1. Any residue in the stretch 60-70 that is closer than 27 Å to residue 168 by Cβ, assigned to a loop (DSSP other than H, G, I, E, B) and modelled with pLDDT under 90?
2. So which residues in the stretch 158-196 are surrounded by 13 or more Cβ atoms within 10 Å (Cβ to Cβ), modelled with pLDDT of 90 or more and among the small types (Gly, Ala, Ser), if there are any at all?
3. Residues to consider are 84, 96; find the one that is of a type in the set (Ser, Thr, Tyr) and surrounded by fewer than 21 Cβ atoms within 10 Å (Cβ to Cβ).
4. Would you mention how many residues in the stretch 72-98 are touching a residue at least 12 places away in the same chain (Cβ under 8 Å) and not in a helix (DSSP H, G or I)?
5. Do we find a residue being crowded, with 23+ Cβ neighbours inside 10 Å and of a type in the set (D, E, K, R) anywhere in the stretch 54-69?
6. Residue 92 - would you say it is of a type in the set (A, V, I, L, M) and out of contact with any Phe, Trp or Tyr (no Cβ under 6 Å at 6 or more places or on another chain)?
7. Name the single residue, out of those in the stretch 106-154 being over 18 Å from the mean Cα position of the chain (by Cα) and charged (D, E, K, R), that is surrounded by the most Cβ atoms within 10 Å (Cβ to Cβ).
8. Take the residues in the stretch 84-105 that are among the charged types (D, E, K, R) and more than 10 Å from the chain's Cα centre (by Cα), then tell me which one is nearest to residue 135 (Cα to Cα).
Amino acid sequence: MTLQRKIGVLALAVAMSGMAACHPHGRAPRAAPVVQPDVDLARALDLFRHGDFRRAQVILQRVSFELPPGSPELAQARYYTRESWFQAGDYVQAASEFRKVADEFSTTEYAPLALLRAGDANLRLWHRPELDPASGETALAIYQELAGRFPDSDAAARARAHVRRLENQFAEKTYKTGIFYLRRKAWDSAIIYFKM
């Protein structure tokens, strides 16, 4: 046997022993688990109901990729993925993603709920009236859209209470701005805000 042939046989023996080490007792690797989106969706929703939002989110995201487009469960999986972000306090991501659910699944029962939660997420982002009201204005616009698109839905009825809260916060912001100018003796500016 030539030296090259001996090296080749030795390399083959090393490779074979390495493969045997990867598979204990010489068994073949296990087959990939069978994908069961319905079972996984039920498990994720159970985790969600028990407050384990992060684990539910991971399963729901995987289920979203496993379900075929157009399946009724896809809207549910996507909605609850966004809801788990909301419950975990990730309001920025939840706000934009709820909006996508409402647009993508506009004919499902999850569309009005997703719009409501998109507004709620923006409302949570504007928690002090003296701060920049952009999130509050966005929330108000979403609630108004919800009332226009789904006027008879439970979500629209719930949104009306949030609209009243936002109106009060906007009034408080205007009042505080007027006080700010009044304290600085900027009378004209203060009058403008108090007349609003």
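The values are calculated or read from the model by the stated rules, or taken from the named source; none is laboratory data. Computed from a predicted structure; not experimentally measured. Here the Cβ is made from the backbone with ideal geometry for all residues, glycine too, and neighbour counts use every protein chain on show.
1. no
2. Correct list: 159 only.
3. On inspection, the qualifying residue turns out to be 96.
4. Matching residues across the stretch 72-98 total 1.
5. no
6. yes
7. 145
8. So, considering only residues that are among the charged types (D, E, K, R) and more than 10 Å from the chain's Cα centre (by Cα), the one nearest to residue 135 (Cα to Cα) is 103.
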